[in-house]
1. Out of region 24-75, which residues are of a type in the set (Ser, Thr, Tyr) and in contact (Cβ under 8 Å) with a residue 24 or more places away in the chain?
2. With the requirement that a residue be within 15 Å of Thr34 (Cα to Cα), free of Cβ contacts under 8 Å to residues at least 12 places away in the same chain and among the aliphatic types (A, V, I, L, M), what does region 86-110 give you?
3. Farther than 20 Å from Pro89 by Cα, at pLDDT below 80 and not in a strand (DSSP E or B): does that describe Phe12?
4. Suppose we filter region 103-115 for residues that are open to solvent by less than 60 Å² (accessible area, probe 1.4 Å) and within 22 Å of Asp47 (Cα to Cα); how many remain?
5. Output the number of residues of region 42-65 satisfying the condition of being open to solvent by 30 Å² or more (accessible area, probe 1.4 Å) and over 18 Å from Ile99 (Cβ atoms).
6. What are the residues in region 11-33 that are over 30 Å from the mean Cα position of the chain (by Cα) and open to solvent by less than 100 Å² (accessible area, probe 1.4 Å), if any?
7. Can Thr74 be described as in contact with a helix residue (DSSP H, G or I) (Cβ under 8 Å, 6 or more places away or on another chain), under 18 Å from Val110 (Cα atoms) and of a type in the set (Val, Ile, Thr)?
8. I'd like to check something: does region 87-94 contain any residue that is farther than 28 Å from Ile112 by Cβ, part of a helix (DSSP H, G or I) and either of a type in the set (A, V, I, L, M) or touching a Leu at 6+ places or on another chain (Cβ under 8 Å) (or both)?
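The values are calculated or read from the model by the stated rules, or taken from the named source; none is laboratory data. Here the structure is a predicted model, which means the values were calculated and not measured. Glycine gets a Cβ as well: all are built from the backbone with ideal geometry, and neighbour counts include every protein chain shown. When the accessible area is computed, the model is the full protein with side chains, heavy atoms only, and any ligands, DNA or RNA have been set aside. Shrake-Rupley method; radii C 1.70, N 1.55, O 1.52, S 1.80 Å.
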Amino acid sequence: MTFGRSHNLDHFQYNIEQDQPLGRVSSIKDLGVTFSYAFSFNEIVDDLCRRAYRTLGFITRLTRGMTNPLVLKTLYSSFVRQLLEYASPVWSPYHLGHIEKLEAVQRKFVRIVGV
């Protein structure tokens, strides 16, 4: 993978032991953070939101009938919010679209709690 913001990147052929060329990829996942060749973090934001919604749905089904908002808040902070904040210093959401997707998960939780 070659990193850069230009759409016309120079692609070099990298080899192992001079006769085995390495294959090209457009994105790579390292420690749970997906890096694309243009440093666009669309994939990680979509993946994190998908996982957060899935976990929030599980918590909602698990706690059906519970009326204590403190329990729901604790579960949300422990399982959902930690997903949304994972490695955020690396992929820091500065695009409004990314911020809106992440805040939509939090708004859904507020609607579930009803506070």
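1. Correct list: Ser26, Ser27, Tyr37, Tyr53, Thr55, Thr60.
2. Once the filter is applied, which keeps residues that are within 15 Å of Thr34 (Cα to Cα), free of Cβ contacts under 8 Å to residues at least 12 places away in the same chain and among the aliphatic types (A, V, I, L, M), region 86-110 yields nothing.
3. Details: farther than 20 Å from Pro89 by Cα: yes; at pLDDT below 80: yes; not in a strand (DSSP E or B): yes.
The answer is yes for Phe12.
4. So the answer is 3.
5. Of the residues in that region, 8 qualify.
6. Asn15, Ile16, Gln20, Pro21
7. Working: in contact with a helix residue (DSSP H, G or I) (Cβ under 8 Å, 6 or more places away or on another chain): no; under 18 Å from Val110 (Cα atoms): yes; of a type in the set (Val, Ile, Thr): yes.
So Thr74 fails the test.
8. Within region 87-94, one or more residues are farther than 28 Å from Ile112 by Cβ, part of a helix (DSSP H, G or I) and either of a type in the set (A, V, I, L, M) or touching a Leu at 6+ places or on another chain (Cβ under 8 Å) (or both).
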